[in-house]
Each structure stands twice: as structure tokens, then as C-alpha cells.
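The values are calculated or read from the model by the stated rules, or taken from the named source; none is laboratory data. Not measured: the values here are computed from a predicted model. In this analysis, Cβ positions are derived from the backbone assuming ideal geometry, glycine residues included, and neighbour counts consider all displayed protein chains.
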Amino acid sequence: MNKILINTLSTVIILILACSIGIPIVLFGFNFIEKNKNFTEIAYLNSTPVEVILSPKNNKIFETNTHFITSDGQKYPMMTKAAIIMVPESHYNNHTLDWVIITSMFISMIALIILIYYFVRLIISINKGRIFVRENVKILNAISICLLIMAFLSICSGIADYMAIGSLNLSSSEISLGSSWEFPWSNLLIGFTTLLIAQIWKRGIYLREDSELTI
Amino acid sequence: MPIIVNLDVMMAKRKISLGDLAEKMHITPSNLSILKTGKAKAIRFSTLENICSILDCQPADILEYRKSEEPE
């Protein structure tokens, strides 16, 4: 693998990681601004937005009277899968769980920044020709720990989210509400794979030392 | 380590320096020094053949096995 390919792939990975920090921050900022605008609809005032996934009960398909209308006038029936329910503050008592979710997100973001830092260090080390060195094994271990911490925090915030939605007791005969949280399969997979690669790298260091001391 | 490298003994007998031997073997003096000081983990047959050819000796003159003393 030549240097140009390594550097190009590394740049792409770093950009993706940086966007995964930057975009949520920007979206959070927009949401914050939107929430504090003067809404004319009374329903939005003093309400907490709760993001939910809608699932029809008893295998029913949603009856829908909403349509997606294209610019040329075509109408397509539309089923809603996700929604944001504006729950009045008086009915919303889960601020502790909110803090769990926010804290998890904050610590995840720090873990992601640390991950990017170590990833850049690994690329610099490889570019200098220092490939099978003990420092790189420590870096790989650090990267895997960051990923596993992010996965664990995601699971914690997912449990908190489910608990928060469940405690609202928003029942309906036709729709069941679920959390929009998804199990962090990719973080777990890549975290454990990186841990495995670190062990293989350690073996590589042993083989390199053996090779260097074979005359 | 139980395998002792007696390269320095053979070099003294043949009156050849480390640098000269390394040059004749086409390896760096630092690599030969690793072998001479017993820090090497392994030696290739080709290297051993090269040494024996240059120093006109047998592998047994270069390598010696000494059983490590077990603690009582």
C-alpha cells in the first residue's frame, strides 16, 4: 500500500469522524434556536420534544390521509414511521433520564475527539516508517477502548430513552411508541476488531524483532 | 543463552578484524557485532557457510552448546 493511498484513506476517515462531531453540534444548535423561537402554536410552548418511532399495533397498516405530493402533482400515500411528540412540561418528569442521555452524548463526543487524535498519531507514525513499534500497539488499544466506551454509552442512553418514553404512558389503541435509538453494532464490531488487530500487531513486532536479530 | 558464539576466538586466530570480516561477508559491522556479542536470536545457514568459508573453519568452531546451570 503506497503512501498516497494511506494518506487519502486517512484523510477521508478523519473527515468522516470530524463530521460526525460537527454535524450533530450544528443540528443541536439549530434545534436549540428553533425551540426558542416565538412559536404561534400554543402546543409548542412549554413542551418537551420526544422523538419516537411509530409502530402499528396488531399488524395493522396505518390508515393514512396524508400524501406526498410531487412538484408535478403526483400524489403518493404516505405512512409516518417517526415523529416528534410535543409533551407538555407538566406531563414530562424525566429530566434525570435526559441528563443521562446528554451526559452520555457529551462523553461520547470527548471519546470521539480522543479517537481522532490517536488515529492521526497512528497515521503520522506509519508515515514516518515506524510501523511495527510498541507505541502503535498502545494507540490501537486506545482507539478500541474509545470505541467500546462510545458503544457502552450509546447503550446506556438507549436504555434511558426507552425508560423515558415508557414512563410517559402515551398509549394508543393503534400505535405503539418506541425509541429511535439503534444498537451500536458498528462501534462494538470495530472496537473489538481493533483490539484484535492490536494483538496481531504485537505479534508483528515480535516477528520484526526476531527478523532483525537473525543474521 | 545455551548457544555460545565463539566468533571472536576464531577471528583472533585468523587475525581478521570485525570490519574486514563484515566487508568480506557483505554485511554491516553492526549486524556482525550482534552475532559476535551473542545478541542474535538466529543465524541463517548461508551466513554460517559464509563465515566458515572466510575463516576456514567448521561450524563447531563458531557455535558451542553449553547447558545452562539450573538453580538448586
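If only residues of region A:140-171 that are assigned to a loop (DSSP other than H, G, I, E, B) and in contact (Cβ under 8 Å) with a residue 40 or more places away in the chain are counted, the one that is farthest from A:I200 (Cα to Cα) is A:L170.
From B:L63, B:L55, grab the single residue that is more than 10 Å from chain A (Cβ to nearest Cβ), closer than 14 Å to B:P2 by Cα and surrounded by 10 or more Cβ atoms within 10 Å (Cβ to Cβ). Among B:L63, B:L55, only B:L63 is more than 10 Å from chain A (Cβ to nearest Cβ), closer than 14 Å to B:P2 by Cα and surrounded by 10 or more Cβ atoms within 10 Å (Cβ to Cβ).
Selection within region A:197-215: residues that are closer than 29 Å to B:N50 by Cβ and of a type in the set (G, A, S). The member of this set that is farthest from the other protein chains (Cβ to nearest Cβ) is A:G204. Can you confirm whether region A:50-64 contains a residue that is at pLDDT 80 or above and under 24 Å from A:I123 (Cβ atoms)? Looking for residues that are at pLDDT 80 or above and under 24 Å from A:I123 (Cβ atoms), one finds none in region A:50-64, hence no.
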